[in-house]
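Report on one structure; see the data block that follows.
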Amino acid sequence: MADSAQNTGDQQQIHQRIQQLRDEIEHHSYLYYVKDAPEISDAAFDSLLRDLDKLEKQHPQFFDPASPTQRVGGAVATQFDPVRHAERMYSLDNALDLEELEAWMDRMEAHFGRFVPVVCELKIDGSSIALTYDHGSLVTAATRGDGTTGEDVTVNVRTVRDVPLQLSKAGLQGIVDVDVPIEVRGEIYMSKASFEKLNLQAEKEGKPAFANPRNAAAGSLRQKDYHVTADRDLSTFIYAIGNDAQIRATSQWELLEWLKSCGFHVNPDVKRCETRKEVLDFCKHCLEMRDSLAYEIDGVVVKLDSFAQQHELGFTARAPRWAIAYKFPPEEKTTLLRDITIQVGRTGALTPVAELDPVRVAGSVVARATLHNSDEIERKNLRIGDTVIVRKAGDVIPEVLGPILSLRPADAQPWQMPTLCPSCGSPVVREEGEAVYRCVSLDCPAQAKERLLHWASRGALDIEGMGEEIVGRLLATGKVRDVADYYTLSEADLTNLYMDRVNKEGEPIVLGETVGHKLKEAIDGSKERPFARVLFGLGIRHVGKTTAEMLVKAYPSIEALTQASVEELSAIPGIGEVIAESVHSFLANETNQQVIARLKAEGFPLAEEAAEVGEQPLEGLTFVLTGSLVESGLTRDEAGEKLKALGAKVSGSVSKKTSYVVCGEAAGSKRTKAEDLGVPILTERQFLRIVDEGGIPSDLSA
Ligand code: AMP
């Protein structure tokens with residue numbers, strides 16, 4: 001008896017200690033991530049976290065999903081489930097200049113008979129997020145989606161340090177009925193500094209860079225692996241509530257106060273304005289200080305302060321009538337046009353590129369911008385040495401608007417298209433009626449590089465990690481000349497590939513085992529892409545993704561497509577004569593035919609998965625094959641074909657989504673991974689039974 005009482009006492013003490021640690025850590029987290037005013041060192045913070053983690057592991061009965069140790073925890077998301085928002089997430093109407101903003105204020109004034117107070121907030125350029133708290137605990141985080149239904153990104157958002165997992169006591173007191181969950185809303189964003197760091201890293205790894213911090217934030221939020229999100233250094237500003245009747249506040253201003261008291265990160269640059277002039281001055285002030293902020297903003301949101309007045313005006317189908325977003329004009333910067341260089345594209349087009357003194361525009365540093373063609377350069381009257389105005393079209397694509405002629409130096413150089421291809425030295429031609437100059441040599445290495453990169457790009461065969469540097473080295477070492485060569489590379493070819501760099505000790509760097517292995521898996525995995533993506537990946541002139549899909553719909557196999565005449569092709573809805581000509585001549589070209597034949601030999605089906613096939617007993621199942629199938633003597637590709645014929649998907653890498661891993665002799669890392677993930681493993685004999693019996697025998701089904 002005495003023992004058990006003692007035990008209960010100990011347990012209570014431990015639980016108390018755990019609670020204290022959790023409170024303490026959340027408090028310091030808040031000071032650090034929200035207030036930006038830490039009171040203890042990082043090392044002390046880590047030490048508290050470690051103490052808590054240890055205690056929780058020793059006493060799993062006190063597990064709590066809201067514990068600060070659980071920011072990174074739980075299962076990796078394989079997909080994002082839909083979440084219906086408790087209240088619709090509206091968009092905002094825009095005022096594209098101060099006049100439009102004044103017109104909105106006119107309407108408000110006309111409605112209320114006077115100027116009613118408004119709250120002006122910065123329009124944070126990130127991705128909107130809705131956070132649901134039940135009895136003060138974060139239960140769901142969702143993206144906006146279409147406004148009615150978003151995606152569940154809870155696991156990822158939990159890793160964002162300034163999102164409270166638990167609302168403060170003071171915050172809870174502001175809620176009308178704590179038994180009803182509340183949904184707060186805000187923006188998740190990436191700071192300029194973290195964005196630059198991320199892009200620098202991407203560049204090093206040969207991965208594509210993000211166009212701006214907004215895309216980076218949205219992309220990071222939707223990572224399948226939350227560890228990636230955790231590494232991305234995202235932050236939030238919270239500024240709204242789904243249903244304002246749930247809290248005691250009666251105005252936007254009070255709402256912001258309440259959000260702060262809950263522990264949310266609330267933007268400090270807000271102003272409650274009682275006159276029009278205050279609003280206009282605030283907007284101008286924000287435009288001026290825009291560059292000095294640590295994060296991107298794209299305007300100012302003006303909201304009626306009083307909730308009662310907001311309700312009076314209500315919503316249109318798209319947006320609240322009681323708020324407006326004043327959008328900043330597209331940012332324009334001036335910089336020096338240092339040079340105009342030529343880029344040779346995969347179809348041989350020579351594109352002049354402006355080489356600029358790096359300048360920060362709309363979220364990222366711009367050092368190059370396409371000038372499209374020589375007519376464009378003439379039209380814009382550009383000369384090397386000019387000071388030019390630069391902006392980003394749609395906030396993404398850098399664009400040179402034109403020179404400032406008064407700043408043109410006397411020795412500014414006019415520019416001319418070269419007569420020889422800068423990559424291979426072949427003569428350059430310009431076809432009748434075309435703006436573009438082209439290198440028509442089939443052996444041009446610049447074209448080969450672009451074709452190889454295009455094939456590996458995300459929208460095409462999506463070979464992750466196959467970036468500029470690696471493709472450049474594969475070409476330079478003669479290991480790869482065309483896209484079919486990718487599939488003849490062994491893992492050793494990749495692992496031992498020398499980069500054009502040396503390490504600190506001055507020794508040449510090789511790609512290494514980890515990257516080499518991953519890349520090989522990515523190459524193998526790319527064989528699973530549908531025919532339309534392969535067709536797009538071939539880089540036929542004028543054939544984009546949608547065109548490729550239209551072609552495949554009409555001609556579901558490479559054989560059928562190759563046999564189609566120009567007339568037949570141009571009879572497909574949406575395919576004009578120019579595209580038809582281009583497809584026909586590409587497929588008739590002997591070199592191209594050889595590449596296609598080799599792809600086929602490598603296991604590319606080059607046909608849309610036949611719709612007319614009968615039984616698909618393995619539909620919905622994903623298999624991975626590894627090791628050698630010595631008993632049957634089948635290659636892995638042949639074995640894969642047999643599974644596909646029964647409706648299965650065959651993948652190159654093991655994940656939680658894999659249904660079965662078939663392990664032949666000398667199966668390696670994929671087997672280990674399957675064991676780690678608990679994915680069922682089949683022997684070759686069992687695989688052969690599946691093929692023989694045309695389905696999973698009952699004694700094998702998982
Ligand atoms: P838009 O996407 O241009 O229609 O603008 C609407 C979006 O602006 C909203 O969905 C929010 O994600 C975002 N936003 C950024 N800052 C604010 C803010 N302070 N108040 C309201 N919305 C904001």
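Tabulated data for the structure shown
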{"read-out": "Dimensions (Å) - the stretch 500-543, Cα atoms, principal axes, largest first", "value": "47, 23, 8"}
{"read-out": "Cα gyration tensor of the stretch 189-311 - equivalent ellipsoid semi-axes, whole Å, descending", "value": "33, 20, 11"}
{"read-out": "Long-range HN-HN contacts of residue 297 with modeled amide H, under 5 Å", "value": "125"}
{"read-out": "Backbone N under 18 Å from the residue 476 label point (7 Å along Cα→Cβ), restricted to the stretch 488-515", "value": "493-512"}
{"read-out": "Phi to ³J(HN,Hα) by Karplus 6.51 cos²θ - 1.76 cosθ + 1.60 over the stretch 311-323, Hz, x for Gly, Pro", "value": "5, 4, 7, x, 10, 8, 5, 10, 8, x, 7, 8, 9"}
{"read-out": "Per residue accessible area of the chain, 1.4 Å probe, in Å²", "value": "49 Å²"}
{"read-out": "Amide H contacts of residue 361 (H built 1.01 Å from N, under 5 Å, at least 5 apart or other chain)", "value": "366"}
{"read-out": "Per-residue SASA entry for residue 693, accessible area with 1.4 Å probe, Å² rounded to 10", "value": "110 Å²"}
{"read-out": "Cys residues of the chain counted as unpaired, since no other Cys beta-carbon is under 4.7 Å", "value": "120, 262, 273, 283, 286, 663"}
{"read-out": "Sequence of 411, 51 when ordered by accessible area, the most exposed leading, probe 1.4 angstrom", "value": "411, 51"}
{"read-out": "Derived scalar couplings ³J(HN,Hα) [the stretch 164-177; Karplus, 6.51 cos²θ - 1.76 cosθ + 1.60; whole Hz; x for Gly, Pro]", "value": "x, 7, 9, 6, 5, 5, 4, x, 4, 5, x, 8, 5, 10"}
{"read-out": "Rg over Rh, two decimals, the stretch 84-327 (C-alpha only, Kirkwood Rh)", "value": "0.97"}
{"read-out": "Accessible area (Å², 1.4 Å probe, nearest 10) - residue 275", "value": "60 Å²"}
{"read-out": "Cross-link partners of residue 169 among aspartates and glutamates (Cα-Cα below 18 Å; sequence separation of 8 or more within a chain)", "value": "23, 24, 26, 64, 134, 177, 179, 183, 254, 257"}
{"read-out": "Area accessible to solvent at residue 311, 1.4 Å probe radius, in Å²", "value": "110 Å²"}
{"read-out": "Entries in 518/553; 54/192; 192/545; 192/284; 333/449; 192/392 that, when Cα-Cα distance is taken, lie over 27 Å", "value": "518/553; 54/192; 192/545; 333/449"}
{"read-out": "Of all accessible heavy-atom area on the chain, the percent that carbon and sulfur account for (1.4 Å)", "value": "50 percent"}
{"read-out": "Approximate shape of the stretch 311-430 as ellipsoid semi-axes (Cα gyration tensor, √5λ), whole Å, largest first", "value": "38, 19, 11"}
{"read-out": "Links that overshoot a 22 Å alpha carbon limit, given the list 479/527; 207/649; 520/656", "value": "207/649"}
{"read-out": "Rough spin-label spacing in nm, given labels placed 7 Å along Cα→Cβ, for residue 578 and residue 170", "value": "6.4 nm"}
{"read-out": "Built amide H within the under 5 Å cut-off of residue 122, gap 5+", "value": "301"}
{"read-out": "Calculated log₁₀ intensity ratio I(q)/I(0) where the Debye formula runs over C-alpha points of the chain, q = 0.05, 0.06, 0.08 Å⁻¹", "value": "-0.33, -0.49, -0.86"}
{"read-out": "Per-residue HN-Hα couplings for the stretch 466-474 [Karplus 6.51, -1.76, 1.60; θ = phi - 60°; Hz; x = Gly/Pro]", "value": "7, x, 3, 5, 5, 4, x, 6, 5"}
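The values are calculated or read from the model by the stated rules, or taken from the named source; none is laboratory data. No experiment lies behind these values; they were computed from the predicted model shown. Heads up, the Cβs are rebuilt from the backbone with ideal geometry, glycines too, and the neighbour counts pull from every protein chain shown. The area values use the complete protein model at the heavy-atom level, side chains included, leaving out ligands, DNA and RNA. Shrake-Rupley method; radii C 1.70, N 1.55, O 1.52, S 1.80 Å.
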